[in-house]
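The values are calculated or read from the model by the stated rules, or taken from the named source; none is laboratory data. Note that the coordinates shown come from a computational prediction; the quantities given were computed from them, not determined experimentally. Positions of Cβ are generated from backbone atoms using ideal geometry, with glycine treated the same way; all protein chains shown enter the neighbour counts.
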Amino acid sequence: MENELLATFFEESTVPFAMLQITEDARIVKVNDAYVDFNKLTDAKSVEGHPIDTDPVFEIVKKTELGPLFDGFRKKTPIHSDFYHEGIGKWVQMSGFPVGEDHFAVIFRDTTVEHELEAEVEGFLNVNTDLLFVTDRKGRIVKANRSFEELLGETEHHLAGRSYLEFLHSDDKETTQSAFAAITAAKPLEKFVSRYRLENGHYCHLEWNAKSNGRYIYASGHDVTDRIEDIERLQHEAETDALTGLSNRRYFYQRIAVEMAAVNSGSRHLALISTDIDHFKKVNDTWGHPVGDDVLVRVSQHLSSDARKADVICRVGGEEFIILMPDTDIDQALVIAERLRIGLANKKLPIVGTVTASFGVTEMERNESFRSFYNRVDDAMYRAKTGGRNQVVATGFSEEDIITSAPNYFRWRNEWASGNEKIDRQHRALIEGSALLAKSIQSGENLMARKELVLKIIADITDHFHTEETILGNLGYPEIEGHRKIHETILSNARRIVNEFTAGKLKPSLMLTFLIDDFVIGHMLETDARYFPYLAETKTQTPTALRRNTQP
C-alpha cells in the first residue's frame, strides 16, 4: 500500500522528479511526466533505462562547473546545485538525495525569476556608489556591494558570514551594536556614525541609515571622514589659542563645567592655578610685540612640560593662564604651582633674560558656584601680584567671608529694572527674600527658619520663571527657547542644592553663592539683561505693529 502511494505521488506530482539507480553508469530508472514536460523531452522512454551521460539534461549539467557534484550520487550524499538549462533557457535548482540502498532521487525547480531578481539586485548594489550591506539579526554579513567591499579591501566571498563588528573600531562597538539591535521596521536607524577599519589599518567614519524587515537589517552608508575631520579641526581651532597652542578660554569654560559637575556628584577634588606673567607690558614696550609673543610661547611650553599630564593648561587672557587640575587638592596644587614658579624664574629666555610670574591657587568646595570658585583663584593671583610678584598665594574657601559680604549683593538697584512692571516687582521680591536669608544666616537663626526661607525663595523663583516666559513668549521674544532652557538648568541646580541644604549637608554660605552667582549675577544681570532692549522696543510699537512682528 505504501509503495503504491509513493508511486502515485511520483507519477502525479507537478514537481519534476528523476529516480537514478546507483550503478557504475548511474542509470535513470524512472522520471515523471512533470520531468518530461519541464525538460521538453519527447517522452519518458527517451531517457529511462539509459545512463545519465546520455540524458541531455544531465549532459548539460555535466559540461558545467557543477559536474563534480555528481560524485554525490555515488557517495550517497545529498547534493544541491544551480545551473542554467540551455535546452529550455531557464535557471534550474537541482536537489538530490539517496533513497534506500541503491537509488537516488533528483528534484528540479525553476529558479529563473529568483536569478533574474538577484541579478537586478546585484546590479543595483554595484552601480550604487553608497556603501550597502545586509546582515542577519546576529550581525553576520549576508551581502555587500562592491563599494563596501572595496572600502574594506575585502571580497564578498570573504565578507559573507562574518560579523560587521570585526571591522569596527573597538571604542564604537558597544554603541553601534546597541543601535543596530534596536532597529525595527517602525524604528529605523538614521545618520549613525561609527568608525570602520580599512585595508591599510586606518579607520574611516561611516554614516549609516538602516532598517529591518524582522529577519535582515539593510544598511546604507557613506564615508563622512572628511566632514568629521573638518568639524574636529574647526572645533580644535575654536578651542585652541593660535599663538601658544594651548587650550583657550572657550575650552576652559566647557571643561570646568564638566569637572565641577564631577565634584558635585562625588567625592573628587578639583584645584585651579591662575598665573600671570610679571611686568609683561614692559616686555612689549621694550622689545616689541614679536618678542612678547615669543615669551608667551616659551612660558606656555614651560607650563606644559613641567605640569602633570592630567592638568589642563589654558591661555585665558593676554599674559594670563589657568591650570585646571582634576583630582587635586589645594596642598598638591600649591606644590605644583611653586615648582612651576621656581622653574620659570630659573630659565634664561632669549633677548629678555629672566621672566617671572605670579601664581594664585585654590580648591573647589563641593556645590560651589563657578564664579565663586574662579573669583577666588583670581583674587589669590592678584594678591601675589600686589604682594611683590614672583610668588604663590593659596586661598581656601571661606564660609565667613561669603556670609559677611552676601548682603551687599542683595540690594535692589534702579539699573536692574527691565521696564516691565510685573517682572521688576518679582525681581525685587526675590532680592528682598535673598537678603532675609543672608541676615538669617548671619544672625545664626535655627535651621528650620532657614529652610522655610529657602523653600519660599525657590518657589518664588519657579513662579517668576513661569511668569517671565509667558510675558516674553506673548511679546514674541526671539530668544525665548534658549531663555527657557537656562531656566530649566537653574531650577535643576536649585533642586539639588535645596535638597542638600534642607538635609543639613550643605554649608549655608553655598546656598548664598548659588543665589548670588546663579540667580542675581548670572541670571538677572546677564541673561535677563539681554531682553531689556527688546522690552523697550516693544513698548514703543503700536499694537498692530507688535502683532505683525510676533507672527511666524
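Table: residues versus (1) closer than 30 Å to S247 by Cβ; (2) touching a residue at least 12 places away in the same chain (Cβ under 8 Å); (3) surrounded by 14 or more Cβ atoms within 10 Å (Cβ to Cβ).
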| position | (1), (2), (3) |
| --- | --- |
| A182 | no, no, no |
| S212 | no, yes, yes |
| Y218 | no, yes, yes |
| D230 | yes, no, no |
| R233 | yes, no, no |
*Just for helices (runs of 4 or more DSSP H) wholly inside the stretch 398-501: which have at least 3 residues that are modelled with pLDDT of 90 or more, surrounded by 13 or more Cβ atoms within 10 Å (Cβ to Cβ) and of a type outside the set (S, T, N, Q)?*
421-443, 447-474
_Anything in the stretch 283-330 that is of a type in the set (K, R), at pLDDT 95 or above and farther than 16 Å from Y374 by Cβ? List them, or say none._
R298
*Given the residues K45, K76, which is the only one that is under 18 Å from R27 (Cα atoms), assigned by TED's automatic domain parsing to the domain that holds A105, at pLDDT 75 or above and of a type outside the set (A, V, I, L, M)?*
K45
*Taking A345, is it more than 36 Å from the chain's Cα centre (by Cα), surrounded by 15 or more Cβ atoms within 10 Å (Cβ to Cβ) and within 21 Å of R308 (Cβ to Cβ)?*
no
*Within the stretch 191-210, which residues are acidic (D, E) and either surrounded by 17 or more Cβ atoms within 10 Å (Cβ to Cβ) or within 16 Å of D172 (Cα to Cα) (or both)?*
E207
*Determine whether the stretch 275-283 contains at least one residue that is assigned to a helix (DSSP H, G or I), in contact (Cβ under 8 Å) with a residue 40 or more places away in the chain, surrounded by 15 or more Cβ atoms within 10 Å (Cβ to Cβ) and among the β-branched types (V, I, T).*
yes
*Could you identify the single residue in E319, E363, E338 that is outside the structural domain of D518 (by TED's automatic domain parsing), in contact (Cβ under 8 Å) with a residue 40 or more places away in the chain and surrounded by 24 or more Cβ atoms within 10 Å (Cβ to Cβ)?*
E363
*Keeping to the stretch 305-355, report how many residues are part of a strand (DSSP E or B) and either of a type outside the set (V, I, T) or over 19 Å from R250 (Cβ atoms) (or both).*
9
*So which residues in the stretch 167-214 are within 21 Å of the chain's Cα centre (by Cα) and of a type in the set (D, E), if there are any at all?*
D171, D172, E174, E190, E207
_I need every pair where a residue in the stretch 139-154 that is acidic (D, E) has its Cβ under 8 Å from the Cβ of a residue that is outside any helix (DSSP H, G or I) and at pLDDT 80 or above, sequence separation at least 6 or different chains._
E154/E199
